[in-house]
1. Taking the residues in the stretch 243-298 that are part of a loop (DSSP other than H, G, I, E, B) and in contact with a helix residue (DSSP H, G or I) (Cβ under 6 Å, 6 or more places away or on another chain) as candidates, determine which candidate is modelled with the highest pLDDT.
2. I'm trying to understand the selection: among the residues of the stretch 257-279, which are aliphatic (A, V, I, L, M) and touching a residue at least 40 places away in the same chain (Cβ under 8 Å)?
Amino acid sequence: MPVTPAFSTVSSPCLRVPIRLPRTFHGCHQLPRALTVRCSSGSESGTRSGNLKDALSGMVDAQVEELLSREENRTLLDGLDRASQRVEKAKRELAEIERQEAEASQLRSYVEQLESRASEIAESQKEILEARAMVEEAERFLSNMKKSQDSASDDGEIDKDKERLESVKAASVSAIIGTLAGLPISLTQVSSTSQLILHLAIAFVSCALFGVTFRYTVRRDLDNFQLKTGTAAAFAFVKGLSALGGGSPLELNPGSFMSHAFDGALNVSESLLVFAFAAIGLDFCFKTGLISTFPIRKTDSN
């Protein structure tokens, strides 16, 4: 409700003071409209002025206490107090949320640092593995160069007797393994004992020659897979394709071409299987020391 001011005049021989007093305050009783204060001149003026201030202060305090003691005003004050408490609680919750957000931000930063370190470690490990592979490759290259230099030395340094013996051993092992591997294939292609003996004899001689050639080709490069398989494949193609000459003659028609191509592929596959078993057996003997690799120097034999 709006407050309507009322003026009162304080009269004295020396002073007239207008005082503004409220008429109403939220339904409270109407206050006196006018207040007359008389003061004297001289020494009594200061004393009465102090009494006036005290009187006004007491009146204001009394009115405030009266307003605060009213039930409707107490309800408003209680609501204001609860609102203040809610504001303080909201401030505390906001501060807690800000603290949690700061901790979460620090945790995210720490996780990002860990991920960055992990990626750096992974890259370092990859570089180490690559460097190790390069070192191993360089070591193999130097070892092969040394072996090549050793093999390029004078013939007087090579123990020829040992070489002949090891070549015979390689031929024997290759012939035995290759013949046994080709026995099932020979049994499916012959109809008499004489034909079986012929097939086995051809396989025995071919595998013996393969064993000697394999030893001189591979030398000490036992980890060269391409060299070993290439030697076996070369023998298989030569033996398999040469078998086509003993078959039916080639005619200039698609059927004859297809028949010879199929027979050639079959013969090459069978020969490759035989020489592959022989190569595996020789490689095993080389690695276990049953057969010495080429070359054998006199200093090594001693």
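The values are calculated or read from the model by the stated rules, or taken from the named source; none is laboratory data. The shown structure was predicted, so the numbers you read here are calculated from the model rather than taken from an experiment. All Cβ positions, even for glycine, are placed from backbone atoms using ideal geometry, and neighbour counts span all protein chains on display.
1. Only one residue fits best here, namely Ile291.
2. Across the stretch 257-279, the qualifying residues are Leu272, Leu273, Val274, Ala276, Ala278, Ala279.
A quick yes/no check of all residues on (1) more than 13 Å from Val274 (Cα to Cα); (2) touching a residue at least 12 places away in the same chain (Cβ under 8 Å):
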| residue | (1), (2) |
| --- | --- |
| Leu198 | yes, no |
| Ala208 | no, yes |
| Tyr216 | yes, yes |
| Asp221 | yes, yes |
| Thr231 | no, yes |
